[in-house]
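Contents: one structure, followed by commentary.
The values are calculated or read from the model by the stated rules, or taken from the named source; none is laboratory data. Source: prediction; values computed, not measured. For neighbour counting, all protein chains shown are included, and Cβ atoms are generated from backbone atoms with ideal geometry for every residue, glycine included. Side chains included, ligands, DNA and RNA excluded: accessible areas come from the protein's heavy atoms. Shrake-Rupley method; radii C 1.70, N 1.55, O 1.52, S 1.80 Å.
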Amino acid sequence: MCGIVGYVGERSAQDVVIEGLRRLEYRGYDSAGIALVGAHGLASDKRAGKLANLEKAIADHPLPAATTGIGHTRWATHGAPNDVNAHPHLGAARRVAVVHNGIIENFAELRARLEDDDHVLVSETDTEIAAHLLELQVQSGVDLTTAMQRVCSQLEGAFTLVAVDADDPERVVAARRNSPLVVGIGEGESFLGSDVAAFIEHTREALELGQDQVVTLTRAGVEVSTFDGRPAEGRRYHVDWDLSAAEKDGHDWFMRKEIFEQPRAVADSLLGRRSASGRLQLDEMRLSDQELRDVTKIIIIACGTSFYAGMVAKYAIEHWCRIPVEVELASEFRYRDPILDYSTLVVAISQSGETADTLQAIRHARVQRSKVLAICNTNGSTIPRESDAVIYTHAGPEIGVASTKGFLTQLVACYLLALYLAQVKGTRYGDEIDQVLGQLEAVPGQIEAVLEQAPAIYELARTHRDSGSVLFLGRHAGYPVALEGALKLKELAYLHAEGFAAGELKHGPIALVDQGLPVLCVVPPQGRDQLHDKMLSGIQEVRARGARTICLAEEGDERITPYADELIRLPRVPVLLQPLVAVVPLQLFACELATALGHDVDQPRNLAKSVTVE
Ligand code: F6R
């Protein structure tokens, strides 16, 4: 949700900032802007629409050369996505420029105060007040760092702010509260980004900032302080992926590349999980065996695709560990006054580690004395930092806005957590756990087999260009897969798509079925005979009413053939693990259909990768 870049050093700040924005554009693409500071003072340009519009404007009207600059790519919250509301915002004297991610909750009150003092605010944003307030401070004689500390102390809400001062061209100052910001440390140069992708081509040395901290960047290095001006320290770390991970590698979309990376991502997420004696180990599990044995209830909280991973986790944990599990949308969690205590384990699933709804939910859980375990893909992000324990997924950077490899590796982490709890609680024998681990280790090869069917799935997707509506059916662990398939189609192809538990159809949704309606059916493995039979009945019911069925069924399942207008074969896996292979054709289907419709698959309309506002 908004991408932020900052640079000070020897290079062309314009080049570094624009390149950084290109890598962060997945975070928001309603508008983009840049401000440069040099001997000439401050120069800025900003444009509604994608980054390309800003690049064109700069090409037509070049900005003066500078080696200090900031940039922004926006996902609009306050005010329409137009040129005026685009960032950077400037103070009244055009001395200070600011970019911002997040929401300043008390902006109306601060704006009224500024307007009472005859400030003219030209945009509808909450950001512009920060530019005016910072400028008032530097005009009073303090440096930009002190100005930032003082202004942030007046702000409420969640924000990352990055500012430059025309009278101090060697300094970029930033601050964060509940919103992402990382620092890149180079030789004689320093970088800022909403995530490391912004500067990974220049340095892999990064610094993670704590809550309510201000950072000052100069060529000489980086200084961190608190909002009340005390010196502080960030946590330094080395980024363990390189530029190629943030490139498309010959694919048309990041999403497609990420779908094809799934065999490796799943394998990486399984790496190093067995001890020398063969027992399952989770390095970042900071909860003791006794704390885990004391767990009597688990509540999983997450949003969107991560929520569906949580639904699958419920089946696995309840079956293998016999612990009751609730799965709850993070945005709803704290409003229903959930019953929590020290024996409740809250599991927060988040690819980005920055989702505001999930973050607020875990804070609520911790206040109620529950332990929180995060399942997260982003090292150094806020959610794992604020949790008692973490299982990192090792998907690598996920750039496409629609989650794919993030989802699959979340599933892997959920299975590992379930097996670990079973090991600690003794609800499964060691050899049973070993058997499932072996089955998981075979999954990367099985995903490869699904990916080999991509050309046929693409062909099928293209024939659905004119479909107005698509339904997805599943049962048991296939139900969240149906929901995920529908979400992918909604967000990428902008089609009406709904996922249903197949047994629920006859209670209402079957009224939607009409002649020719495409219905994608996730058929459970035959090993679960009752489930399989019941699914076949559901498929027959929709077919009898004219639906065209596209069935995803395991190799060797011949009973499905008469009921499938189209058949996509899945490798044979146990029912609990089937989501790992069944979701892949649905990802391919949505990606290709959206491409055929001419949509921007990596940056669907109205969305942003990391949703840092509630
Ligand atoms: C859909 C998608 C979103 C995210 C959701 C949670 O493809 O990506 O639904 O899953 O916004 O994001 P994280 O996992 O970063 O908390």
Output the number of the condition that V450 fails; it satisfies all remaining conditions of (1) within 16 Å of the ligand (Cβ to nearest atom); (2) open to solvent by less than 10 Å² (accessible area, probe 1.4 Å); (3) over 12 Å from the mean Cα position of the chain (by Cα); (4) more than 23 Å from T296 (Cα to Cα).
-> (1)
For the range 74-92, does any single residue satisfy the condition of being of a type outside the set (F, W, Y), over 27 Å from R27 (Cα atoms) and in contact with a strand residue (DSSP E or B) (Cβ under 9 Å, 6 or more places away or on another chain)?
-> no
Residue check, L280 open to solvent by less than 70 Å² (accessible area, probe 1.4 Å), farther than 30 Å from L134 by Cβ and more than 21 Å from the chain's Cα centre (by Cα) | yes
Considering residues that are hydrophobic (A, V, I, L, M, F, W, C), buried (at least 20 other Cβ atoms within 10 Å of the Cβ) and modelled with pLDDT of 90 or more, the number found within the range 75-86 is 1
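Take the range 301-326 and flag every residue that is within 16 Å of the ligand (Cβ to nearest atom) and either open to solvent by 20 Å² or more (accessible area, probe 1.4 Å) or modelled with pLDDT under 95 (or both). First the steps, then the outcome.
Let us first name the residues in the range 301-326 that are within 16 Å of the ligand (Cβ to nearest atom), namely 301-313.
Answer for the range 301-326, where residues must be within 16 Å of the ligand (Cβ to nearest atom) and either open to solvent by 20 Å² or more (accessible area, probe 1.4 Å) or modelled with pLDDT under 95 (or both): C303, G304, F307, Y308, M311.
Quickly run through the range 300-353 and pick out the residues that are of a type in the set (F, W, Y) and in contact with an Asp or Glu (Cβ under 6 Å, 6 or more places away or on another chain). Reasoning before the result, please.
So in the range 300-353, the residues of a type in the set (F, W, Y) come out as 307-308, 315, 320, 333, 335, 342.
Selection gives Y308 alone.
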Go through the range 98-145 residue by residue and tally those that are assigned to a loop (DSSP other than H, G, I, E, B) and surrounded by 21 or more Cβ atoms within 10 Å (Cβ to Cβ).
-> 3
Could you check, for the range 519-535, whether at least one of its residues is assigned to a helix (DSSP H, G or I) and open to solvent by less than 10 Å² (accessible area, probe 1.4 Å)?
-> yes
Mind listing whichever residues of the range 388-418 are at pLDDT below 95, open to solvent by 10 Å² or more (accessible area, probe 1.4 Å) and among the hydroxyl-bearing types (S, T, Y)?
-> Y392
Residue hits (the range 10-52; within 24 Å of the chain's Cα centre (by Cα) and among the polar types (S, T, N, Q)) are S31
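Yes/no matrix, rows are residues, columns are (1) open to solvent by less than 30 Å² (accessible area, probe 1.4 Å); (2) within 30 Å of S403 (Cβ to Cβ); (3) not assigned by TED's automatic domain parsing to the domain that holds D15:
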| position | (1), (2), (3) |
| --- | --- |
| L36 | yes, no, no |
| E55 | no, yes, no |
| D60 | no, no, no |
| T67 | no, no, no |
| T73 | yes, yes, no |
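Give the residue that is farthest from H496 (Cα to Cα), with candidates limited to residues of the range 582-614 that are of a type in the set (D, E, K, R) and touching a helix residue (DSSP H, G or I) at 6+ places or on another chain (Cβ under 6 Å).
In the first step, residues of the range 582-614 are kept if they are of a type in the set (D, E, K, R); the result is 592, 600, 602, 605, 609, 614.
Now drop any that are not touching a helix residue (DSSP H, G or I) at 6+ places or on another chain (Cβ under 6 Å), which leaves 592, 602, 609, 614.
On the way: E592: 16, D602: 19, K609: 21, E614: 25 Å.
Out of the qualifying residues, it is E614.
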Pair list, Cβ < 7 Å and 6+ apart or interchain, from the range 369-387 residues that are basic (K, R) to residues that are assigned to a helix (DSSP H, G or I) = K371/E291
Selection count where residues are free of Cβ contacts under 8 Å to residues at least 60 places away in the same chain and in a helix (DSSP H, G or I), scope the range 463-497 = 3
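For L51, indicate whether it is among the hydrophobic types (A, V, I, L, M, F, W, C), touching a Leu at 6+ places or on another chain (Cβ under 6 Å) and over 23 Å from I399 (Cβ atoms).
On the way: among the hydrophobic types (A, V, I, L, M, F, W, C): yes; touching a Leu at 6+ places or on another chain (Cβ under 6 Å): yes; over 23 Å from I399 (Cβ atoms): no.
No, not satisfied.
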Residue count for the range 327-349, restricted to those that are buried (at least 19 other Cβ atoms within 10 Å of the Cβ) and over 28 Å from V611 (Cα atoms) = 0
Breaking point among (1) of a type in the set (K, R); (2) open to solvent by 60 Å² or more (accessible area, probe 1.4 Å); (3) free of Cβ contacts under 8 Å to residues at least 60 places away in the same chain, for R94 | (3)
(1) under 21 Å from G210 (Cβ atoms); (2) near the ligand (Cβ under 10 Å from one of its atoms); (3) open to solvent by less than 40 Å² (accessible area, probe 1.4 Å); (4) not charged (D, E, K, R) all hold for T378 apart from (3)
How many residues of the range 131-156 are under 11 Å from L110 (Cα atoms) and out of contact with any helix residue (DSSP H, G or I) (no Cβ under 6 Å at 6 or more places or on another chain)? The answer is 3
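One line per residue, one yes/no per condition, for (1) within 12 Å of the ligand (Cβ to nearest atom); (2) under 26 Å from D249 (Cα atoms); (3) not in a loop (DSSP other than H, G, I, E, B):
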position	(1), (2), (3)
P338	no, no, no
L345	no, no, yes
I349	yes, no, yes
R366	no, no, yes
V390	no, no, yes
Q410	yes, yes, yes
L416	no, no, yes
A422	no, no, yes
Go through (1) outside any helix (DSSP H, G or I); (2) open to solvent by less than 60 Å² (accessible area, probe 1.4 Å); (3) under 13 Å from A590 (Cα atoms) and name the single condition L460 misses.
-> (1)
Looking at G221, is it small (G, A, S) and open to solvent by 10 Å² or more (accessible area, probe 1.4 Å)?
-> yes
Test for I18: is it open to solvent by 10 Å² or more (accessible area, probe 1.4 Å) and farther than 23 Å from V120 by Cα | yes
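For the range 398-406, state whether one or more residues are more than 12 Å from the chain's Cα centre (by Cα) and either outside the structural domain of R177 (by TED's automatic domain parsing) or within 11 Å of the ligand (Cβ to nearest atom) (or both).
First pass over the range 398-406, keeping only residues more than 12 Å from the chain's Cα centre (by Cα): none.
So far as the range 398-406 goes, no, none of its residues is more than 12 Å from the chain's Cα centre (by Cα) and either outside the structural domain of R177 (by TED's automatic domain parsing) or within 11 Å of the ligand (Cβ to nearest atom) (or both).
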